[in-house]
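Shown next, in C-alpha cells, is the structure this report addresses.
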Amino acid sequence: MMSYLCGCFIYCLLILILGVEGTYTLNGYKPQQLYADRPYARAYRQNFLQNVQAQHAGAPTEMCKSRPLDLVFIIDSSRSVRPAEFEKIKIFLSDMVDTLEIGSDATRVAVVNYASTVKIEFLLKTHFNKGDLKQALARIDPLATGTMTGLAIKTAMDEAFTEESGARPISKNIAKVGIILTDGRPQDTVEEVSASVRASGVEIYAVGVDRADMESLRLMASQPLDDHVFYVESFGVIEKLTSKFRETLCGVDRCALGHDCQHICVSKNASYSCKCREGSVLNEDKKTCSQEVRGTESEDPCMCTAQIAFQKKVQVTIQDLTNKLADVTRKLEEFQDLR
C-alpha cells in the first residue's frame, strides 16, 4: 500500500514539473530541459497551456450574423461627461462592435460626437473591419461643452445616413439604426427632428445615463418605447446594455430563450408577448388563457345573410301553413253545422 502511494506521489510530482513553465532546478537538475524535447512532454505541455488559457478566456462573444445594419452611434461628450466616464462610453462602443459582424456586406458603423458642436468621427463607408473600427473608437476625444442633441440628430440624418456616406439604398432593405447616448437634458428641441428621422425609416434607441432627462429620451426614441428607451445609473454599469442590444440588434428569438406563455409566444425585438389558441382568450395577466364563452346573443350578429334569409323563409312558410290549417278547420266546422 505504501509503495502504491509513493508511486502515485511521484507520478503527480512529475506531472506538475512537466506542466509548469519555468527555470527552476530540482536537486541540481532542470527537469524542463531534461524532458522538454520528448514528444509526449511537449504534447502534454501544449494541452495544459491550452486548458489554462481556455479557463481564463471565458466564453467567446457571440456575433450578430443574422441582421446587417447601417448603425450610427450619436454620443454625448458634453462637459458633464467626465474624461473617465467618456472612456467608459468608448469601451461600451467597442464591446458593441465585438458582438456585431462588421463588413461592407454586414454591419457598417458610424459615430457622431456632439456637445455644443457636432463632429462626425467617421462614416459608414470608412471602416469595414473590427480592428480599424476599434482603433478609430479609441482615438475619439470629448468635445466638452453644451448638449445640442437635436442638432446632433439632424446632422446624423443629413450627413451620416446618406448613400454618399455609405448607407445602403432602400432597395437593399438594410435596417438603419441610430443609438443616442446622453447623460443630460438637451439644450435644443429634439421632438420634431427625431420624428422626422423616424419617419425616414431610421429606428432610434435612446440611452440615458445618470442625470439624463427621461422625457427627452421618450421624445427621441422609436415606438414601442419599452423596447427603445434604456437607462442606467452610471457610466460604470453601462456595459449591462451590451447583451441587451445584442439581442435586439441581432433579432434574437426571445421566445426560444424561455417564456411563461400558456399557449403561444410571439417574439418582438428583445421582448415577447403571449397569445392564445383559437377558442381561448388572453387573461388579464397577459400570460394565461381561458376558454372563450359565447352566449346566444353574441351569436346572432355573426349569422350570415343566407342563414337569416332561410330563417325568414321558414317563418313565412309556417305562417302560411298555419293560415291554411285554420281555413280548413273553419270549413269542416261549417260542414258539420249543415249536417
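What FRET efficiency comes out for GLN135 versus ARG277 if R0 is 35 angstrom and r is the Cβ-Cβ distance? Round to the nearest 0.05. Result of the calculation: an efficiency of 0.10.
Each peptide among 167-176, 237-246 gets the average number of other Cβ atoms lying within 10 Å of its residues, and from highest to lowest they stand as 237-246, 167-176. For the cross-link pairs LYS176/LYS275; LYS90/LYS176; LYS119/LYS240; LYS90/LYS154; LYS125/LYS154; LYS176/LYS287, the ones whose C-alpha atoms lie over 25 Å apart are LYS176/LYS275; LYS119/LYS240; LYS176/LYS287. Scalar couplings 3J(HN,Hα) for region 146-163, obtained by applying the Karplus form with A = 6.51, B = -1.76, C = 1.60 to θ = phi - 60°, are x, 9, 8, 5, x, 4, 5, 5, 5, 5, 4, 5, 6, 10, 9, 8, 9, 5 Hz; x denotes Gly and Pro. Rounded to whole numbers, the Karplus 3J(HN,Hα) couplings from phi for region 202-211 are 8, 8, 10, 10, 10, 10, x, 10, 6, 8 Hz, using 6.51 cos²θ - 1.76 cosθ + 1.60 with θ = phi - 60°, and x at Gly and Pro. Accessible surface ranking for THR145, THR322, 1.4 angstrom probe, highest first: THR322, THR145. Evaluating 6.51 cos²θ - 1.76 cosθ + 1.60 at θ = phi - 60° for every residue in region 95-101, the Karplus couplings come out as 5, 4, 4, 4, 7, 9, 8 Hz, glycine and proline recorded as x. One decimal place: the segment ALA306-VAL328 gains 4.6 nm when fully extended, by the rule 0.36 nm per residue minus the C-alpha distance. Close amide H partners of GLU239, meaning residues 5 or more places away or on another chain with modelled amide H under 5 Å apart, do not exist here.
The values are calculated or read from the model by the stated rules, or taken from the named source; none is laboratory data. Values in this document were obtained by computation on a predicted structure and should not be read as measured data. Cβ atoms come from the backbone with ideal geometry, glycine included; neighbour counts cover every protein chain shown. For accessibility, only protein heavy atoms count, side chains too; no ligands or nucleic acids. Shrake-Rupley method; radii C 1.70, N 1.55, O 1.52, S 1.80 Å.
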